[in-house]
1. Can you say whether VAL592 is open to solvent by less than 20 Å² (accessible area, probe 1.4 Å) and either under 27 Å from ILE413 (Cβ atoms) or in a helix (DSSP H, G or I) (or both), as far as the supplied structure shows?
2. Take segment 405-437 and flag every residue that is hydroxyl-bearing (Ser, Thr, Tyr) and buried (at least 19 other Cβ atoms within 10 Å of the Cβ).
3. Take SER328 and decide whether it is small (Gly, Ala, Ser), surrounded by 13 or more Cβ atoms within 10 Å (Cβ to Cβ) and in the same structural domain as LYS410 (by the TED database).
4. Does segment 336-346 contain at least one residue that is closer than 26 Å to VAL647 by Cβ and open to solvent by less than 50 Å² (accessible area, probe 1.4 Å)?
5. Provide a single number: the residues in segment 498-548 that are assigned to a loop (DSSP other than H, G, I, E, B) and either at pLDDT 95 or above or not charged (D, E, K, R) (or both).
6. For segment 457-464, does any single residue satisfy the condition of being farther than 24 Å from GLU562 by Cβ and either assigned by the TED database to the domain that holds LEU432 or in contact (Cβ under 8 Å) with a residue 24 or more places away in the chain (or both)?
7. Given segment 647-745, what helices (runs of 4 or more DSSP H) lie entirely inside it while holding 1 or more residues that are modelled with pLDDT under 95 and surrounded by fewer than 14 Cβ atoms within 10 Å (Cβ to Cβ)?
8. Might you let me know whether segment 309-326 holds any residue that is more than 27 Å from VAL603 (Cβ to Cβ) and in a helix (DSSP H, G or I)?
Amino acid sequence: QAHAKVWHLYNYHFRPAQRGKVSIALSSHWIKPQRMTEKNIKECQKSLDFVLGWFAKPIFIDGDYPESMRSNLSSLLPEFSEAEKKYIKGTADFFALSFGATLSFQLLDSHMKFQQLESISLRQLLYWINSEYNNPQIFIVENSWFVSGTTKKDDAKYIYYLKKFIMETLKAIRYDGVNVFGYTVWSLLDGFEWHRGYSIRRGLFYVDFQSHDKKLMPKSSVLFYQKLIEKNGFPPLPENQPIEGIFPCGFAWGIVDNYIQVDTTPAQFLDSSVYVWDVHQTKQLIKVDGVYASKRKRHCVDFAAIRLQISLLQEMHVTHFHFSLKWSLILPLGNLSLINHTLVHYYQCFASELLRVNITPVVALWQPVIENQELPVSLAKYGAWENTETVQAFVEYARFCFTSLGDHVKFWITMNEPSVKNLTYAAGHNLLKAHAKVWHLYDKEFRRSQKGKISIALQADWVEPACPFSRNDQEVADRILEFDIGWLAEPIFGNGDYPEVMRAWLHRRNSVDLYNFHLPYFSEDEKKLIQGSFDFFALSHYTTTLVGSEKEDAVKYDHYLEVQMINDITWLHSPSRAAVVPWGLRKLLKWVKSKYGNVPIYVMANGIDDDQNMVHDKLRVYYIQNYINEALKAYTLDDVNLQGYFVYSFNDKTAPKYGLYSYVANQYEPKPSLKHYREIIGNNGFPGPETPELLCPEEVASCADCHFFRTRKSLLAFISFVFVAFIVTIFFITYYSKRMERWYK
């Protein structure tokens, strides 16, 4: 009633002269049902009625309280007279909304939630207000979130909440038709925050409460909000717009399956036993003891699982297929004393069948998994990679693989995605030496005859500073890139030693803390061995991470590296919460080029998980489209020497939720993303009307059995000589025989 009287006072006595407007500012939360049932939805409506509708409905609708309040509170709720209803109704020139952590959520009586779930979706609240109160003009008079009271200038968490709320407001305007005409950040300065005191901050300006003059400093959020106001929102950035163009001739279009489906069950044709068919009684085959047919040699057609996988790969139109061998199964004892010849034959058949259909096998010798790191048990039990004996065992294993599979495999990966998160510095040290020794082994003993290439594949997710205006956050991002990628990349692709950033940081930590992290040193000979042990730079990339220097969330704070992991809640995320950030791939590829020169680069794995109930596979279609387009920008605009791109993964059976084929009830079904990837492969990128036509030379089909002849040229020359001599001898014998016959006649 007080509000209504003030509104009428202004309306009749001041508005004609002052031409202003007046309203009441109401605070609200948003709530969603625990389960989508009719009862829960009604409880959510009741929650909003009790908090927002209590004041909003009398003013914006009919002058009376919500019906849900009347039915629940009965006599406790006062009655308006008909005159009061008319007097209150319509006493607002706009809808003033406050939406923030304190008033909207923390001070909200728990009974007002009616056992439903709170949500910070401002867009949904705006849509509800628009629908409930007849499309009023809305002014957001207070909105923000908060950060820890210890956070100073780099308030990244605050920035991303602000970004989320303003983006949701823009979506409500653009897509939902909500009439929002103003937005106000809460608040200008840090201050005393109700019942939370000084334990949190929400100001754009940092206040040093301990200083005598309460010194003010602008936070990163000030710069963010300032630039947002200058741009009046989020206009499309030119660098984020898709481009048209195509990749070079011979570009490798691939698919990944960490471990192919191996089924070495013998075919019935290999059984040498003789059977009698009991057609009269049991109707079954009865084995005849002591009688055997002649055994025949194994053939690749005996492996039915291979034919199915090859046919699925052919449907994709890929040119390359990347998979890893299982060291622990090929050499169960870790040495050549016991060899799984059946499995080796299976791999030989798989590779030869790939070549038969013009798909290049890309084979990794080792890929870590959780159990035993995919090492033979004898090696895993005695220190794994921390034991130097594992290095020599890996070299002998590699030699065996090159000898057994090298006729069919020309594209080798020594180690695929060694996880730096699970590596000790000693293990990483030995791993690098093992890789280098295997590279030199191939280079000296196999490259000339097999004519292949070999390198290591590193996992390389991009790391971005959480506050783009913060020098501290940039330093943190650079440090994480060196620890995550440079640790294994710098010795191989750089100067033969670990990044200087790592050594300096660990020295600092060891000198001031109780930590004792020892990063080993390479001898000069070891540096020479490791440096340059590559033919290309292979990387796996899945997502991008934001990092900051201010400690905000203890759960996501790494004390060892002094880094705070931050989540941009406006980014698109997969069901497993992996962020979809296509531009991170382009930045990564530029970073690799800037650090390691114009090295040939292969993106060996790039993929996202999905919700298996999502029929249209929209997330993966979007992911593949945009990540490949960013790769095209790196190749076209940044002159990155990009040679290939592989999607992760082949199917859901071996990599659940990541496959381009679903696997249900023993059946493989192509997802929509497979068709989309196939179209991109067919176009070799994203050609446009003005894209010049690329004339590529016709590729000659590979011959899986030709290697035997190519590597035995001397033998072939000798056989050719003998053959020609034989023909000449026969000719002369025939010639002189006929002459002798004529002479005698």
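The values are calculated or read from the model by the stated rules, or taken from the named source; none is laboratory data. Worth saying up front: this structure is predicted, and the values here are computed from it rather than measured. As a convention, Cβ positions derive from the backbone with ideal geometry for all residues, glycine included, and neighbour counts pool all protein chains shown. Accessible surface areas use protein heavy atoms only, side chains included; no ligands, DNA or RNA. Shrake-Rupley method; radii C 1.70, N 1.55, O 1.52, S 1.80 Å.
1. Considered against the rule, which asks whether it is open to solvent by less than 20 Å² (accessible area, probe 1.4 Å) and either under 27 Å from ILE413 (Cβ atoms) or in a helix (DSSP H, G or I) (or both), VAL592 comes out as yes.
2. Answer for segment 405-437, where residues must be hydroxyl-bearing (Ser, Thr, Tyr) and buried (at least 19 other Cβ atoms within 10 Å of the Cβ): just THR414.
3. Yes; evaluated as a whole, the condition is true for this residue.
4. Going residue by residue through segment 336-346, those that are closer than 26 Å to VAL647 by Cβ are 346.
From the residues that got through so far, the ones that are open to solvent by less than 50 Å² (accessible area, probe 1.4 Å) too are 346.
Yes, that holds for at least one residue.
5. Filtering segment 498-548 down to residues assigned to a loop (DSSP other than H, G, I, E, B) leaves 498-499, 513-523, 531-536, 541-543.
In the following step, the residues that additionally are either at pLDDT 95 or above or not charged (D, E, K, R) (or both) were identified as 498-499, 514-523, 531-536, 541-543.
Count: 21.
6. Among the residues of segment 457-464, at least one is farther than 24 Å from GLU562 by Cβ and either assigned by the TED database to the domain that holds LEU432 or in contact (Cβ under 8 Å) with a residue 24 or more places away in the chain (or both), which makes the answer yes.
7. Values: elements: 672-683, 707-710, 713-744.
Where helices (runs of 4 or more DSSP H) fall fully within segment 647-745 and carry at least 1 residues being modelled with pLDDT under 95 and surrounded by fewer than 14 Cβ atoms within 10 Å (Cβ to Cβ), they are 707-710, 713-744.
8. Within segment 309-326, none of the residues are more than 27 Å from VAL603 (Cβ to Cβ) and in a helix (DSSP H, G or I).
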